[in-house]
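S.K.: Sharing a structure with you now.
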Amino acid sequence: MAKETIVAENVSLAELKNKSMELDRAEAWDLYGEKEGTDRYECKRHMLVVNIDRNVMACIARKSYTVIQHRHAVESVVDALTSLNIRCEATLKASKHAIQLDVDFPDKFVELTKVNEKFTCGMRLSNDYSQQFGLLIAPRIKRLACSNGMIVVDIVKPKHIKWNEQLTVELQGLIDELIKDLINSDQKLQDVVSVCMQDSVEWNTAKLLLQFMFKKKKHIKEIFTRLPSQKDISKVTRWEMYNAVTDYATHGKRLRPEVDAWLHNKANQIMKNDFNKLCEIEIPQKNEDD
């Protein structure tokens, strides 16, 4: 029987380390093939990655790929943060083959005076047995006005991490570097926010965009409820739409890690593309004969 989704919010580092012991484990198994009229043979280049707690296959990977256990990933982050002696707040989500660890650093912030916005710095660590890229650390900021968590991969580049014996030490250096990069990118962030606040579309166009970007009625409804009321405004700015999506990703009830990541990918499309380009990409153009 599949495990329930693990959700642990605002936990201490000690609690986080204890919670990591409940996470699924994975193993690499030999992969065999069969051809008609021949014996079974072992695949030389590929193997199975199996989630042994759920007793299901996670993916087929190259034999050069090394599985990083969820537990080891979380423990290494905890040890790295302890060594850095940084005050932090953590939220852990786990579902199916993936984990998602969000960490905020309340004492490390970016203040954008020109647009009157303030954000705390943070990071997201992802590990997925059904993927083959190893650990991923992405830059994350939290907008204090609404506590929205925002993954800002276009402001600071994410970091891919492969397995090695010094994982904790490597994570310590990467986390320290990521915080410094976020703090030093305040002007770039301010420019992006300013542009998003100035770019707007009519409500009907905004509705069409949401319809084609998010497909499911549930997602569209949740995002709509987070936008300013149509009675109060005649147009929707790109900053308002971006915030509505990230608010849903942050505060939506029991969203699986893969859905959360998908929502943030959509939000990043909104942040980096002006409305004209988004409409060209997302809204199908009708032919004159239609």
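S.K.: Among the strands (runs of 3 or more DSSP E) contained in segment 1-62, which hold 2 or more residues that are closer than 19 Å to V74 by Cα?
M.R.: Numbers: elements: 6-11, 26-33, 41-51, 56-62.
In segment 1-62, the matching strands (runs of 3 or more DSSP E) lie at 6-11, 26-33.
S.K.: Under the condition of being among the hydroxyl-bearing types (S, T, Y) and touching a His at 6+ places or on another chain (Cβ under 7 Å), which residue from segment 99-142 is surrounded by the fewest Cβ atoms within 10 Å (Cβ to Cβ)? Write out each step before concluding.
M.R.: Step one: filter segment 99-142 for residues among the hydroxyl-bearing types (S, T, Y), giving 113, 120, 126, 129-130.
Within this subset, residues satisfying the condition of being touching a His at 6+ places or on another chain (Cβ under 7 Å) are 129-130.
On the way: Y129: 27, S130: 16.
Among them, the one singled out is S130.
S.K.: Please go through segment 20-64 and pick out each residue that is among the hydroxyl-bearing types (S, T, Y) and touching a His at 6+ places or on another chain (Cβ under 9 Å).
M.R.: S20
S.K.: Return yes or no: is V192 in contact (Cβ under 8 Å) with a residue 60 or more places away in the chain and assigned to a helix (DSSP H, G or I)? Talk me through it step by step, then tell me what you get.
M.R.: Working: in contact (Cβ under 8 Å) with a residue 60 or more places away in the chain: yes; assigned to a helix (DSSP H, G or I): yes.
For V192, the condition - in contact (Cβ under 8 Å) with a residue 60 or more places away in the chain and assigned to a helix (DSSP H, G or I) - is met.
S.K.: Next question. Could you check F105 against (1) within 24 Å of the chain's Cα centre (by Cα); (2) not assigned by TED's automatic domain parsing to the domain that holds L167 and say which number it fails?
M.R.: (2)
S.K.: Looking at this structure, is D247 under 26 Å from P158 (Cβ atoms) and either of a type outside the set (S, T, N, Q) or crowded, with 16+ Cβ neighbours inside 10 Å (or both)?
M.R.: yes
S.K.: Here's something else I'd like to know. Considering every residue within segment 125-142, establish whether at least one is of a type in the set (A, V, I, L, M), modelled with pLDDT under 90 and more than 25 Å from E15 (Cα to Cα).
M.R.: So far as segment 125-142 goes, no, none of its residues is of a type in the set (A, V, I, L, M), modelled with pLDDT under 90 and more than 25 Å from E15 (Cα to Cα).
S.K.: List pairs: first in segment 103-120 and basic (K, R), second assigned to a strand (DSSP E or B), Cβ under 7 Å, 6+ apart or cross-chain?
M.R.: The qualifying pairs are K108/T120; K108/C121; K118/F109; K118/E111.
S.K.: Can you tell me which residue is nearest to I6 (Cα to Cα) among those in segment 38-51 that are surrounded by 13 or more Cβ atoms within 10 Å (Cβ to Cβ) and without any contact (Cβ under 8 Å) to a residue 60 or more places away in the chain? Step through it out loud before you land on a result.
M.R.: Restricting attention to segment 38-51, the residues satisfying the condition of being surrounded by 13 or more Cβ atoms within 10 Å (Cβ to Cβ) are 43, 46-51.
Next, only the ones that are without any contact (Cβ under 8 Å) to a residue 60 or more places away in the chain stay: 43, 46-48, 50.
On the way: C43: 35, H46: 30, M47: 28, L48: 25, V50: 19 Å.
Among those that are surrounded by 13 or more Cβ atoms within 10 Å (Cβ to Cβ) and without any contact (Cβ under 8 Å) to a residue 60 or more places away in the chain, it is V50.
S.K.: Sort out which residues of segment 224-239 are in a helix (DSSP H, G or I) and either at pLDDT 95 or above or of a type in the set (K, R) (or both), and write them in order of number.
M.R.: Those that are in a helix (DSSP H, G or I) and either at pLDDT 95 or above or of a type in the set (K, R) (or both): R238, W239.
S.K.: Please go through segment 63-85 and pick out each residue that is without any contact (Cβ under 8 Å) to a residue 60 or more places away in the chain, under 19 Å from the mean Cα position of the chain (by Cα) and assigned to a loop (DSSP other than H, G, I, E, B).
M.R.: Within segment 63-85, Q69 is the sole residue that qualifies.
The values are calculated or read from the model by the stated rules, or taken from the named source; none is laboratory data. Since this is a predicted model, take the numbers as computed values, not measurements. All Cβ positions, even for glycine, are placed from backbone atoms using ideal geometry, and neighbour counts span all protein chains on display.
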